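The values are calculated or read from the model by the stated rules, or taken from the named source; none is laboratory data. Remember, predicted model here, so these are calculated numbers, not experimental data. Note that each Cβ is placed from the backbone with ideal geometry, even for glycine, and that neighbours are counted across all protein chains shown. Remember, those area values only see protein heavy atoms, side chains included, never the ligands or the DNA or RNA. Shrake-Rupley method; radii C 1.70, N 1.55, O 1.52, S 1.80 Å.
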Amino acid sequence: MTPPPRRFRDPRTKPYTYLVGVVLVRCPGCDGQARIARISPDTWWWSTRRLTCAHCGVTRTTKGNVLTSTHGEPVDPWFGLPLWLQTRTRHGHLWAYNREHLTLIREFVAATLRERAPWYDTGVKMTVVARLPRWVTKAGNRDEILRAIDRIRTPVTR
């Protein structure tokens, strides 16, 4: 008897939803985990940000809505620093901005039944899940992608 399918319903989060909160990056000083967080009360993803590292004490602040070009690389859009939650697989880079983003990707990959919004719904169509590359969504790569997610999830500190 086969187990029941694990169901995933797309929460329809927009691509920039995970940029509003804390973004985990590699510290430019000590190569440890650093955080980029919003310092202004704006909720926009391009608002003023501060980079802080608890290990070496590095701090930097952006000057508002100045964004760096990422060219598809797994870097943050404010300082251009490599993301902390990233790994290379044989298919390509797998990355996430923070733990919530990584959890969403993991839940999607682990599910055997994946539900998206109906075609006639007027809500968000190009969600975070809809923008995942084909090699991440392919069921044949499920075990490899879950191992990669577990590999990058382990070293995260709060």
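Please enumerate the residues belonging to the range 3-27 that are under 17 Å from Pro77 (Cα atoms), part of a loop (DSSP other than H, G, I, E, B) and open to solvent by 60 Å² or more (accessible area, probe 1.4 Å). Steps first, please.
Pass one, the range 3-27, residues under 17 Å from Pro77 (Cα atoms): 14-27.
Now drop any that are not part of a loop (DSSP other than H, G, I, E, B), which leaves 14-16, 20-22, 27.
Lys14, Tyr16 - these are the residues of the range 3-27 that are under 17 Å from Pro77 (Cα atoms), part of a loop (DSSP other than H, G, I, E, B) and open to solvent by 60 Å² or more (accessible area, probe 1.4 Å).
Filtering the range 96-107 down to residues that are of a type outside the set (Asp, Glu), open to solvent by 20 Å² or more (accessible area, probe 1.4 Å) and in contact (Cβ under 8 Å) with a residue 40 or more places away in the chain, which residue is nearest to Pro11 (Cα to Cα)?
The initial filter retains those residues of the range 96-107 that are of a type outside the set (Asp, Glu), namely 96-99, 101-106.
In the following step, the residues that additionally are open to solvent by 20 Å² or more (accessible area, probe 1.4 Å) were identified as 97, 99, 103, 106.
Checking which are in contact (Cβ under 8 Å) with a residue 40 or more places away in the chain leaves us with 97, 99, 106.
Numbers: Tyr97: 17, Arg99: 16, Arg106: 14 Å.
In this case the residue turns out to be Arg106.
So, Gly64, is that one open to solvent by less than 20 Å² (accessible area, probe 1.4 Å) and at pLDDT below 85 or not? Give the steps one after another, and end with the answer.
Numbers: open to solvent by less than 20 Å² (accessible area, probe 1.4 Å): yes; at pLDDT below 85: yes.
When the stated conditions are applied, Gly64 passes them.
State whether the residues of the range 138-149 include one that is surrounded by 13 or more Cβ atoms within 10 Å (Cβ to Cβ) and either closer than 20 Å to Val20 by Cβ or at pLDDT below 90 (or both). Show your work before the answer.
Quick first cut of the range 138-149, residues surrounded by 13 or more Cβ atoms within 10 Å (Cβ to Cβ) only: 138, 141-142, 144-146, 148-149.
Checking the rest, the ones that are also either closer than 20 Å to Val20 by Cβ or at pLDDT below 90 (or both) come to none.
Among the residues of the range 138-149, not one is surrounded by 13 or more Cβ atoms within 10 Å (Cβ to Cβ) and either closer than 20 Å to Val20 by Cβ or at pLDDT below 90 (or both), which makes the answer no.
Kindly evaluate Arg49 against the criterion of being modelled with pLDDT under 90 and over 19 Å from Trp84 (Cβ atoms).
no
Among the residues of the range 80-90, is there at least one that is crowded, with 18+ Cβ neighbours inside 10 Å, of a type in the set (A, V, I, L, M) and at pLDDT below 90?
The answer is no, given that none of the residues of the range 80-90 is crowded, with 18+ Cβ neighbours inside 10 Å, of a type in the set (A, V, I, L, M) and at pLDDT below 90.
Can you tell me which residue in the range 114-137 is nearest to the chain's Cα centre (by Cα), limited to those that are in contact (Cβ under 8 Å) with a residue 24 or more places away in the chain and open to solvent by 70 Å² or more (accessible area, probe 1.4 Å)?
Going residue by residue through the range 114-137, those that are in contact (Cβ under 8 Å) with a residue 24 or more places away in the chain are 114-117, 123-124, 126-133, 135-137.
Subset that is open to solvent by 70 Å² or more (accessible area, probe 1.4 Å): 116, 126, 131.
Values: Arg116: 19, Met126: 15, Arg131: 12 Å.
Per the criteria, the residue is Arg131.
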